[in-house]
Amino acid sequence: MYAFDYQRPSALDEAVALLRDLDEPKVLAGGQTLLPTLKQRLAQPGSLVDLSRIPGLSGIERRGEGLFIGAMARHAQVATSPLVQEVIPALAELAGMIGDPAVRNRGTLGGSIANNDPTADYPAACLGLGASIVTNARTLVADDFFTGLFETALGEDELVVGVEFPAPARAGYAKFRNPASRYAMAGAFVAQMADGVRVAITGAGQGGVFRWAEAEEALHADFRPESIAELTLDASDIMSDLHGSADYRAQLVKVMTLRALVAALR
Amino acid sequence: MNANTASNVTPIGAAVRRKEDHRFITGKGRYTDDLHRPGEAQAYFLRSPHAHARIRSLDTAEAAAMPGVVAILTGAELAEDKVGDLICGWMIHSVDGSPMRMGSHPALAKDTVRYVGDHVAVVIAETLNQAKDAAAAIAVDYEVLPAVSDLAQAQAEGAPQLHEVAPRNVVFAWELGDKDATDTAFANAAHVIPIDVVNNRLAPNPIEPRAAIGDYDSGDDAFTLWTTSQNPHLARLVLSAFVGIAPENKLRVIAPDVGGGFGSKIFIYAEETVCAWASKRVGRPVKWTCDRSEAFLCDAHGRDHITHAELALDPAGRILGFRVKTTANMGAYLSTFASSIPTYLYATLLSGQYDIPAIHCHVDAVYTNTAPVDAYRGAGRPEATFLVERIVEIAARTLKMDSAAFRRLNFVTSFPHQTPVIMNYDAGDYAASLDKALELADYAGFPARKTEAERRGKLRGIGLSNYIEACGIAPSAAVGSLGAGVGLWESAEVRVNPTGNVEVLTGSHSHGQGHETTFAQLVSSRLGIPMDQVSIVHGDTDKVQFGMGTYGSRSGAVGMSAIVKALDKVEAKAKKIAAHMLEAAEGDIEFKDGRFSVAGTDRWLGFAEVALNAYVAHKFPTSEIEPGLKEGAFYDPTNFTFPAGCHVCEVEIDPDTGVTQIVNFTAVDDFGVVINPMIVEGQVHGGIAQGVGQALMESVHYDADGQLVTGSFMDYTMPRAENLPSFRIGLTQTRCPSNPLGIKGCGEAGAIAAPPAVINAITMALGTEDVSMPATPAKVWQIIQAWRAVAQAAE
Amino acid sequence: MTSISMTVNGRPISAEVEPRTLLVEFLRENLHLTGTHVGCDTSQCGACVVHLDGAAVKSCTMLAVQADGGAVTTIEGLAPAGRLHPMQEAFREHHGLQCGFCTPGMIMTAVDMVARLGTELDETTIRENLDGNLCRCTGYHNIVKAVAAGAHAMNPAALAAE
């Protein structure tokens, strides 16, 4: 790791001010992606701003029909929260599938979506549920928040405070793990919402998480596996690498979508 | 038998719990990186980012001025101190009689780098972070040269050349067997079965990365090197006699607890060489610990063959001949034992468990711009076994014969059996292990399970692998005649202390194999003393005079045989002393269950009493018998040992995702006499996991420019708990006649046997033989798609 | 340099560290608790697993400063001096280790597994929950057996019977 300064603000305003004023700052949430990156010297921040001691960022509460989950909520906390299991069980299941048990004890919701790794799980939940990302400055719908590979709409001194997840009628998540890294090679979040069906795909898109419109339409018409049995995903915007061709990933997307649907119908 | 004595003894064959475990489960293991020397500085290696480049210039001035930097050393300083090249210790001659072409291999590059990760300079600093910071500031002007990373292209006209001494990158073109007899067999064949296989390149990945601490003592003008080695004495020999760090008497090498090796810690690498040398140059202990990404770049890889072979059969399916042409990747330089792997550890096993009248094998070994390739668990024998067991399976399927029946028809059934490829099989019963494996795997019940799986939409297959391997490499004169630069015996010294407890010094080295337990078990059963009164000492050249180390499943068959020989001498001398103490004739003294007794009387002495008297020396004439009770032995085996067995793998494939699940894995092995079945089974488990890893997920991949694509656990797939089932393990036994304990060796069996068992199962499930390793989900799915496309076109 | 204080194996510790010091470096180099190992640099192998405030974490993927104010337990502190934790005992009894390098991380992960999922663990659950721990020696066969047995031995009823 390159040397850096370490800041541990105790209030949100303080954190935002540090991000504004420091030279090359980087936010440290759970650190499960950031630290491996720093260890390999792939980034050289001037300072790390650790959010872990800012009170009130890790709560999970009911908001309207849905949930508000604080940015610093750990994956393990979401996975085991009785409230999440009751209101959006698919979200609890997704959180319980991230990384491994030790990673889940450190990694956070805010860190995951702010990083927007194209193979991360939470972006699929946010997009699939039509969540709203609440920052210190504004509230963004997920469709506007995720803008590309490792890219989000967050400004330089903007922090995720939490995410509002509307409750679906039914939802499910299924993922196919990359055999080596265990990140998603294809993950599908299928949700039947009040205003339609949403299908969000992670792990496969060249531009990161995306919605599979054809599957959404078909499932909106009829929320059954048969509705998408004959669909195929156009592989032209799908990632291809050592672990699988675009065709293979497109196939995985379809299979995972079916499995997520089956989970939703359970 | 005296019940009191017997209850304290741990017999051979007992599944006793391991003595060494207490320190490992309490965090008290002492691995190299756990150690510190006063005043030590940290080393970090600047490595080549290019697969092939000339170093035009190298400017270290800015880096040297950075905080904490102690020294920056390059190939120039190495040459200045006349440090010799790293060597390959096994000479292979080509068919034309010429010696293999060994390209210069300096520990730090002189002017050319030949693979990504090649050593350009070492930065020594107060802290590792400072060393890394400074390394980033070294300015290297590279002239990037064309590189060849693809084994198939290395000999092509116009391919980039790595070493001037090796035109067309050929290290050697070697052959074994009788070409004419083989050609005749093919001329008379009713069936000829061809096969093309790639044996995928693997990264050994012991979980402990390599590490070294070099410490030069100017007072004594002597070096100590702590290092993660499977064979510290060999490291000392090479670093003294060839690299020229210091004479052997001025170089102590210590390999403390070592966290797995699998072959990769046999070799003498650049990093420990540099740590030892640099500690004198900078006047401080120098420590280096590899991180995993570096390990992927610079630990020797394994396997990496391309082979075309043909099997000649008579009308009934009897094998008449076997013809093999292999190209083996050596990487950019010849590693310590690299040349022996695709030759004498490979082609000599091509007869498998079968009676094959004629075999001919040709091997081209070539350089590529990739990391050196050397022994990895099994070393040559997995490559041979994969080839034999795949082609045999295809032959059975082509002739529409049952896989087991085809093998049975061709088994070697009488011993000793001389193969056409050097080996003389001394003992075995291949049908016995096959029978037991088929029973344990419920082979007969497979069709019903397949039908049931089809109902669930899954493809199910079962695959056999009847492997043989050669362990306990020796005798020394024989391997010497084949080109080995060393003998392959082992040493032992048994020191009986005056109070009757025992230290055994062994030239073997344990890095997970449990020698502290099994070796103590042997001594306990032989001397009739409790195991906790036996300590095993290994891994330190100042304590153990010489030894050959642990690899090739040799420590039981060879290392323990040396202990037996030393114990024989201890017993003989103790009997002489006991005879004087008991005032009886030496010939009347019997030693059993820890007692020296006078035959036909009730007069006896305990082992400890005799031991004490050996040292006080009051009761025997020291002019005839020297005081003390300490004996050493060197044991040189009379033959290789031949563990063999049958592994059966059953898989289920999900056609939607291409995922292969191993639903059953059965291993039945004949290891000869087993000292500790718990430890032996553990060795089998670990070997199977590595074999399954090769078959299903592991593969080192370089791109066309020679960049390593699988440079971390993010891209190189390691077997996880979830990928494996619990295994069904069985043993059959034929005693090995070639060593006193009857041991054959068990360390590599799983890694050798498993890959063809897995692929034979997958090819059966998919109905095509065209499945290469690793059979990843993506690859299997593509095969299913292609097959469905063909099926649709046919409709 | 940054000042940190934490409890390690029940002992209060204060130190000045560079912010870039990893927790595992702090444990190994500053406190000489070398039972916690480093086997990779991408947070995959789990040789570095320790408990922070009772939960398993990968100490190579965490800064020492992040553990400030916390309570860390390493393999050295799992059982009182001179005694073995039931999970340690189970690893020995079931030959759940060979070279021993991954073992501390495996044991710490296994104890965490029991805390999360209880003392009666089936094979599938154990294998899934070893997702973040690599072993190259054992093929996991005996680790799985050891975890099941160690977990069962941690059942309060079993402990009381001891």
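The values are calculated or read from the model by the stated rules, or taken from the named source; none is laboratory data. In this text, all values refer to a predicted model and were calculated from it rather than measured experimentally. So basically every Cβ, Gly included, is an ideal-geometry build from the backbone, and we count neighbours across all protein chains shown.
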Examine segment B:764-772 for a residue that is among the charged types (D, E, K, R), within 14 Å of chain C (Cβ to nearest Cβ) and in a loop (DSSP other than H, G, I, E, B), and state whether such a residue exists.
no
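Conditions tested, residue by residue: (1) touching a His at 6+ places or on another chain (Cβ under 9 Å); (2) free of Cβ contacts under 8 Å to residues at least 40 places away in the same chain; (3) not aromatic (F, W, Y).
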| site | (1), (2), (3) |
| --- | --- |
| B:P719 | no, yes, yes |
| B:T732 | no, no, yes |
| B:R735 | no, no, yes |
| B:P756 | yes, no, yes |
| B:N760 | no, no, yes |
| B:V780 | no, no, yes |
| B:I784 | no, no, yes |
| B:W787 | no, yes, no |
| B:A794 | no, yes, yes |
What is the one condition in (1) among the aliphatic types (A, V, I, L, M); (2) away from chain C (no Cβ under 11 Å); (3) touching a His at 6+ places or on another chain (Cβ under 6 Å) that B:M678 does not satisfy?
(2)
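For segment C:121-162, give me each residue that is closer than 23 Å to B:A749 by Cβ and either under 16 Å from the mean Cα position of the chain (by Cα) or more than 7 Å from every other protein chain (Cβ to nearest Cβ) (or both). Lay out the reasoning, then the answer.
Within segment C:121-162, the subset closer than 23 Å to B:A749 by Cβ is C:134-146.
Selection gives C:L134, C:C135, C:I143, C:V144, C:K145, C:A146.
If you check C:G35 against the conditions, is it within 12 Å of the chain's Cα centre (by Cα), facing another protein chain (nearest Cβ under 10 Å) and farther than 19 Å from A:D50 by Cβ?
It is true that C:G35 is within 12 Å of the chain's Cα centre (by Cα), facing another protein chain (nearest Cβ under 10 Å) and farther than 19 Å from A:D50 by Cβ.
Got at least one residue in segment B:373-383 being of a type in the set (F, W, Y) and either surrounded by fewer than 24 Cβ atoms within 10 Å (Cβ to Cβ) or not in a loop (DSSP other than H, G, I, E, B) (or both)? Please lay out each step first, then the result.
From segment B:373-383, those of a type in the set (F, W, Y) are B:376; that's our starting set.
Still in the list and also either surrounded by fewer than 24 Cβ atoms within 10 Å (Cβ to Cβ) or not in a loop (DSSP other than H, G, I, E, B) (or both): none.
No, there is no match, as no residue in segment B:373-383 is of a type in the set (F, W, Y) and either surrounded by fewer than 24 Cβ atoms within 10 Å (Cβ to Cβ) or not in a loop (DSSP other than H, G, I, E, B) (or both).
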Every residue in segment B:391-411 that is touching a strand residue (DSSP E or B) at 6+ places or on another chain (Cβ under 6 Å) and of a type outside the set (S, T, N, Q), please.
B:I391, B:I394, B:A395, B:R407
How about segment B:278-307: which of its residues are of a type in the set (K, R), out of contact with any Phe, Trp or Tyr (no Cβ under 7 Å at 6 or more places or on another chain) and more than 14 Å from chain C (Cβ to nearest Cβ)?
B:R281, B:R284
Could you tell me which numbered condition B:I12 fails, if it satisfies all but one of (1) modelled with pLDDT under 95; (2) of a type in the set (V, I, T); (3) within 27 Å of B:Y142 (Cβ to Cβ)?
(3)
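For every residue, the table says whether it meets (1) touching a Ser or Thr at 6+ places or on another chain (Cβ under 6 Å); (2) outside any loop (DSSP other than H, G, I, E, B).
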position: B:F665; (1), (2): no, yes
position: B:G686; (1), (2): yes, yes
position: B:T710; (1), (2): no, no
position: B:T717; (1), (2): no, no
position: B:E722; (1), (2): no, yes
position: B:S726; (1), (2): no, no
So, restricting to helices (runs of 4 or more DSSP H) that lie completely within segment C:72-162, which ones have at least 2 residues that are among the charged types (D, E, K, R) and surrounded by fewer than 21 Cβ atoms within 10 Å (Cβ to Cβ)?
C:86-93, C:123-129
Breaking point among (1) more than 22 Å from A:Q7 (Cα to Cα); (2) surrounded by fewer than 20 Cβ atoms within 10 Å (Cβ to Cβ); (3) of a type outside the set (A, V, I, L, M); (4) within 13 Å of chain B (Cβ to nearest Cβ), for C:G54:
(4)
Give segment B:711-752 a look and list any residue that's at pLDDT below 95 and within 12 Å of chain C (Cβ to nearest Cβ), or say none.
B:G747
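Anything in segment C:44-57 that is under 14 Å from B:I207 (Cβ atoms) and either in a loop (DSSP other than H, G, I, E, B) or more than 8 Å from the chain's Cα centre (by Cα) (or both)? List them, or say none.
First, the residues of segment C:44-57 that are under 14 Å from B:I207 (Cβ atoms): C:44-49.
Of everything in segment C:44-57, those that are under 14 Å from B:I207 (Cβ atoms) and either in a loop (DSSP other than H, G, I, E, B) or more than 8 Å from the chain's Cα centre (by Cα) (or both) turn out to be C:Q44, C:C45, C:G46, C:A47, C:C48.
If we keep just the residues of segment A:1-27 that are assigned to a strand (DSSP E or B) and closer than 25 Å to B:A131 by Cβ, which is farthest from the other protein chains (Cβ to nearest Cβ)?
Of all residues in segment A:1-27, those assigned to a strand (DSSP E or B) come to A:5-7, A:25-27.
Of the ones still in play, those that are also closer than 25 Å to B:A131 by Cβ are A:5-6, A:26.
Details: A:D5: 7, A:Y6: 4, A:K26: 12 Å.
This residue is A:K26.
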Total residues in segment B:582-595, condition buried (at least 18 other Cβ atoms within 10 Å of the Cβ) and either closer than 18 Å to B:P627 by Cα or not assigned by TED's automatic domain parsing to the domain that holds B:P11 (or both)
1
Exception for C:E16 within (1) within 11 Å of chain B (Cβ to nearest Cβ); (2) free of Cβ contacts under 8 Å to residues at least 40 places away in the same chain; (3) not small (G, A, S) falls at (1)
Residue, nearest to the chain's Cα centre (by Cα), within segment C:76-97, restricted to residues that are at pLDDT 95 or above and aliphatic (A, V, I, L, M)
C:L78
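Among the listed residues A:G99, A:G46, A:G30, identify the single one that is over 20 Å from A:A131 (Cβ atoms), in contact (Cβ under 8 Å) with a residue 60 or more places away in the chain and within 12 Å of chain C (Cβ to nearest Cβ). First the steps, then the outcome.
Values: A:G46 fails: in contact (Cβ under 8 Å) with a residue 60 or more places away in the chain; A:G30 fails: over 20 Å from A:A131 (Cβ atoms).
Just a single option satisfies the conditions, and that option is A:G99.
Could you list all residues from segment B:202-216 that are within 23 Å of B:L128 (Cα to Cα) and out of contact with any Cys (no Cβ under 6 Å at 6 or more places or on another chain)? First the steps, then the outcome.
Applying the first criterion (within 23 Å of B:L128 (Cα to Cα)) to segment B:202-216 yields B:205-216.
Within segment B:202-216, B:N205, B:P206, B:E208, B:A211, B:I213, B:D215, B:Y216 qualify.
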Looking at the structure I just gave you, is A:D144 touching a Leu at 6+ places or on another chain (Cβ under 8 Å), of a type in the set (D, E, K, R) and away from chain B (no Cβ under 14 Å)?
no
Of the conditions (1) touching a Pro at 6+ places or on another chain (Cβ under 9 Å); (2) part of a helix (DSSP H, G or I), B:G750 fails just one. Which one is it?
(1)
